[in-house]
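Computed from the coordinates by the stated procedures, all read-outs in this text should not be read as laboratory data. Model, not experiment: these values are computed from the prediction. When we count neighbours, we look across all protein chains shown, and the Cβ atoms used for this are built from the backbone with ideal geometry, even at glycine.
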Amino acid sequence: MLHNEQLQNILKRRAKLLANVRRFFSVRNVLEVNTPILSSAAPTAPYLDSFSTRFEAGSDSKDLYLHTSPEFAMKRLLSAGSGAIYQIATVFRNGELGRQHAPEFSMLEWYRPGFSLTDLMTEVDALMQQVIGLPAAVIFPYRDLFVKYLQLDIYQADDVLLKQIALDRIAGLTADWQTDRDGWLEMLMSEIIEPQLKALEMPVMVTEFPASQAQLAKIEMNADGHHVASRFELYAGGMELANGYDELCDATELRQRFEQDNQLRLQQGKPQMPIDENLLTAMQSGLPQCSGVALGLDRLMMLYFAENNISQVQGIAFIES
Amino acid sequence: MASYSTNEFKAGLKFMMDGDPCSIIENEFVKPGKGQAFNRVKFRNLKTGRVNERTFKTNESVESADVVEIDLEFSYSDGEFWHFMDPSSFEQYAADANAIADSKDWLKEQYVYTVTLWNGTPLLVTPPNFVNLAVVETDPGVRGDTSGGGGKPATLETGAVVRVPLFIEIGEVLRVDTRSASYVERAKKD
């Protein structure tokens, strides 16, 4: 537990930062919203685990999940014509506990109808500069990062080469490590490239992710003729701070991605998650073209307050809850 | 045999790796992008003293190691083994040359040492941070020079050689920091 004085200090700084975030969006006419934390559906992403609970009401009883982000509910509001919206929400992710991870944490998420991904990246950069005084971000396509820091063209390299480089470069990785292509790319990204991004001392926005890592973003052809995901991630201070998409608005394709995820879950012996039919119905009725981003507020505070453990910025931390 | 899952990993946890007992120094939970989580672990092999790194898949498990630390009094050496005793139970433990490698310059009878036991056998003997030892050999003291400037080597009763101020004489008892093998001050007389 923090000392009383430390705790009072953190509470004040958190409150001030949240007020500044709210002012940022107020000036830009983005509406603050709240959406339910409980849902009978949950994300299907294979490596994202929801907490579950149960509503007890006789024959109306049902299993419910705590949201891992307010994304699905906010997209329903967008489909209903809400216009630009943001939310500061506590979100829940099971099994994630570490220096930069807590099973419950604060998320800032916002959606901008009519914005391109580039428009949204400009806005994220403005928020970081205004609220926590960071320098302007530099932009790197995913492929360029691998060329710059690993002298590797990911569009030429096969899985065997990716594995060989990972084993050569990452201390502690053993030859029996098994993963798929995206697993190797993510391993190289987090263990070799991210530490070097930290040394740049300015935020980095990574764009043009491989199409296989599209998540809920649109897939498009880039200038080099490769299919890439229209999304970005913001890295600062050695941490992944935000993840943004040019949002996929095609309900049929989204259902396919959910079902593919559930197949992966099945193969890994994990429970399949109930698909959010309310979201798919809302999207069919018309989710406007929009870009959206989720930003980890506790990590933002870690960076701003120069703390290296998320428990230090949360007031009462998970292990004391 | 008990086992630990990666979500129980923390500094100080003792586990078996490739047949050797090890102790975790640092454990970091890593979750790259939206990919599979893993744990980046830095640990010390308690047999060799070497520090290694290993990446574990989250939820992988390791076997626990029966390693405990106890305080034992050093009794004597027979040349092959160094014998220690539990001052409360009088139980005897014999440490080999490997276990005392880092502490042999600081072993003095009746002093208490932290001994790491693995399956009941001493793996590692750690001296206290400070010990008081008598000087058995050094150049004659320079009377009146208490500035502490300069210095000279002095051999202590355990065989350790430390750098001491010029005024120190044979027979004096010194307080020594075992971590840096350095002179701190003249020991206060009881």
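Rounded if a/c is under 1.5, else prolate if a/b is larger than b/c, else oblate: which is region B:45-190, with a ≥ b ≥ c the root eigenvalues of its Cα gyration tensor? Judged from the Cα gyration tensor, region B:45-190 comes out prolate (a/c at least 1.5, a/b above b/c). Bridgeable aspartates and glutamates around residue A:12 (alpha carbons under 15 Å apart, same-chain partners fewer than 8 residues away excluded): A:298. Please go through the residue pairs A:16/A:75; B:10/B:47; A:62/A:270; B:10/B:31; A:148/B:57 and name each one whose alpha carbons sit more than 26 Å apart in this structure. Violating the 26 Å Cα-Cα cut-off are A:16/A:75; A:148/B:57. Rounded to the nearest 0.05, the FRET efficiency derived from the C-beta distance between residue A:289 and residue A:138 at R0 = 30 Å is 0.65. Convex hull of alpha carbon positions in region A:1-76: directionally averaged projected area 8.6 nm².
Can you work out the FRET efficiency for the pair residue B:60 and residue B:139, with r the C-beta to C-beta distance and R0 = 56 Å, to the nearest 0.05?
On the way: r = 59 Å, r/R0 = 1.05.
My answer for the efficiency is 0.40.
From its DSSP helices (H runs of at least four residues, each -39,500 (n - 2.57)), chain A gives a residue-normalised ellipticity at 222 nm of -11500 deg cm²/dmol. A Cα-only calculation for region B:1-130 places Rg and Dmax at 17.4, 60 Å.
At 25 °C and a viscosity of 0.890 mPa s, what translational diffusion coefficient does Stokes-Einstein give for the protein assembly as shown, taking Rh as the Kirkwood radius over Cα pairs? Give it in µm²/s as a whole number. Intermediate results must be reported in sequence, preceding the final value.
Numbers: Rh = 27.2 Å.
Taking Rh from Cα pairs, D becomes 90 µm²/s.
Under 5 Å between amide hydrogens, built in the peptide plane, is the criterion, and for residue B:174 it picks out B:133, B:134, B:135, B:187 among residues at least 5 positions away or on other chains.
Remark on residue B:59: its backbone amide H falls under 5 Å from those of B:6, B:7, a criterion applied only to residues 5 or more positions apart or on other chains, H modelled at 1.01 Å from N. Working note: Karplus 6.51/-1.76/1.60 with θ = phi - 60° gives region A:47-56 the couplings 10, 10, 10, 8, 7, 10, 8, 9, 8, 9 Hz, where Gly and Pro are set to x. For chain A, relative contact order (Cα pairs under 8 Å, six or more residues apart, normalised by length) works out to 23 percent. The string of couplings for region B:122-130 from the Karplus curve (6.51, -1.76, 1.60, θ = phi - 60°) is x, 9, 8, 10, 10, x, x, 4, 10 Hz, one whole number per residue in order, with x for Gly and Pro. The spacing between region B:171-190 and region A:73-110, judged by their C-alpha centroids, is 60 Å. A Förster radius of 30 Å combined with the Cβ-Cβ distance from residue A:18 to residue B:44 puts the calculated FRET efficiency at roughly 0.10. Plainly put, region A:140-188 has a radius of gyration that is 0.95 times its Kirkwood radius, both from alpha-carbon atoms, as the Rg/Rh ratio.
Approximating the spin labels as points 7 Å out from Cα along Cα→Cβ, the residue B:111-to-residue A:155 distance works out to 6.7 nm.
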